[in-house]
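For reference, the structure discussed in these notes is given below.
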Amino acid sequence: MDTIQSIIIGVVEGLTEFLPISSTGHMVITEKLLHLTENDFSKAFTVAIQLGAILAVVVLYWKKFFDFKRWQFYVKLAVAVIPALVLGFLLSKKIDTLLESSTTIAIAMLAGGLILLFIDNVFKHPAIDKEEKVSYPKAFIIGIWQCIAMIPGVSRSAASIIGGMQQKLTRSAAAEFSFFLAVPTMLAATGYKLYKYYKESGGFTSNEIKQLAIGNIVAFVVAMLAIRFFIGFVKKYGFKIWGWYRIILGILLLILIYAGYIKS
């Protein structure tokens, strides 16, 4: 992996991590289009680069993350992240296998797109407009919804936002809770993936450290812009446009796979 490839993947991660279009799916496809050699480091990089994006959430919402008097906020995130921690540990090898399947990503893109086309009409009467009103059981259920995103192409953001709306959160409140939940979820995933790679490979080379640093810095900067854009956009327009985007991209991926440009 070289610097240009790290920058491109960092931009893709920053743009897509908090949009309901699957950052992992976009990164995997980007790596294939860049003809990046698929190895243990590239798989670790795909997960670890998300650290930069989630740090953007901490910076943008620093008052909430560092208001230690509001201990309930941290407990809700801890409760919500439990399902992902358990299933992520148990299904780690299966998830790695699915990441290699472009067909799985394409189908998940299509299915998720169809759901987003109608999601605004399904949940019409939200009652919760702030994180403070989210109960612990609701936080746990949203965490269960997030686990669906372990299938590449589903989108962690989409799954947790839909889970939030199903639990009566408004679109913007569901999106913000999804952002908050990304922090412990991705910190755990990143830490586990980097530790596993370090243990199995015997350490990181200087080039690997360099590419991780570059990718995370780029992802951080781009994600800062993407988060602000998404909250305003979803309040005004909803999720339908993202549904159409996913459907179009899913069809294009299937065409590229069928034509042999991307390995299935």
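The values are calculated or read from the model by the stated rules, or taken from the named source; none is laboratory data. All values reported here derive from a predicted model rather than from experimental measurement. As a convention, Cβ positions derive from the backbone with ideal geometry for all residues, glycine included, and neighbour counts pool all protein chains shown.
Before moving on, here are some points about what is shown:
- Looking only at residues of segment 85-135 that are within 19 Å of PHE239 (Cα to Cα) and of a type in the set (Phe, Trp, Tyr), we find that the one that is modelled with the highest pLDDT is PHE118.
- Note on segment 1-68: enclosed helices (runs of 4 or more DSSP H) holding 1 or more residues that are buried (at least 21 other Cβ atoms within 10 Å of the Cβ) and of a type in the set (Ser, Thr, Tyr) are 3-16, 23-33, 40-48.
- If you filter segment 122-145 down to residues that are more than 22 Å from TRP71 (Cβ to Cβ) and touching a helix residue (DSSP H, G or I) at 6+ places or on another chain (Cβ under 9 Å), you find that the one that is surrounded by the most Cβ atoms within 10 Å (Cβ to Cβ) is TRP145.
- Residue match in segment 202-221 (condition: part of a helix (DSSP H, G or I), over 23 Å from ILE29 (Cα atoms), touching a residue at least 12 places away in the same chain (Cβ under 8 Å) and of a type outside the set (Phe, Trp, Tyr)): no
Residue-wise test of (1) surrounded by fewer than 18 Cβ atoms within 10 Å (Cβ to Cβ); (2) in contact with a Pro (Cβ under 9 Å, 6 or more places away or on another chain); (3) of a type in the set (Ser, Thr, Tyr); (4) outside any helix (DSSP H, G or I).
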| site | (1), (2), (3), (4) |
| --- | --- |
| VAL75 | yes, no, no, no |
| LEU85 | yes, yes, no, no |
| THR104 | no, yes, yes, no |
| ILE107 | yes, no, no, no |
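- For segment 173-185, the criterion of being of a type in the set (D, E, K, R) and outside any helix (DSSP H, G or I) is satisfied by no residue at all.
- Only one entry of GLY153, GLY164, GLY232 meets the criterion of being under 30 Å from ALA127 (Cα atoms), assigned to a helix (DSSP H, G or I) and modelled with pLDDT of 85 or more, and that entry is GLY164.
- First in segment 155-166 and closer than 17 Å to THR16 by Cβ, second anywhere and β-branched (Val, Ile, Thr) and modelled with pLDDT of 90 or more, Cβ under 6 Å, 6 or more apart: ALA159/ILE148; SER160/ILE142
- Verdict on SER157 being small (Gly, Ala, Ser) and either buried (at least 24 other Cβ atoms within 10 Å of the Cβ) or over 30 Å from PHE41 (Cβ atoms) (or both): yes
- All positions within segment 133-148 that are in a helix (DSSP H, G or I), of a type outside the set (Lys, Arg) and touching a residue at least 24 places away in the same chain (Cβ under 8 Å): TYR136, ALA139, PHE140, ILE141, ILE142, GLY143, ILE144, GLN146, CYS147
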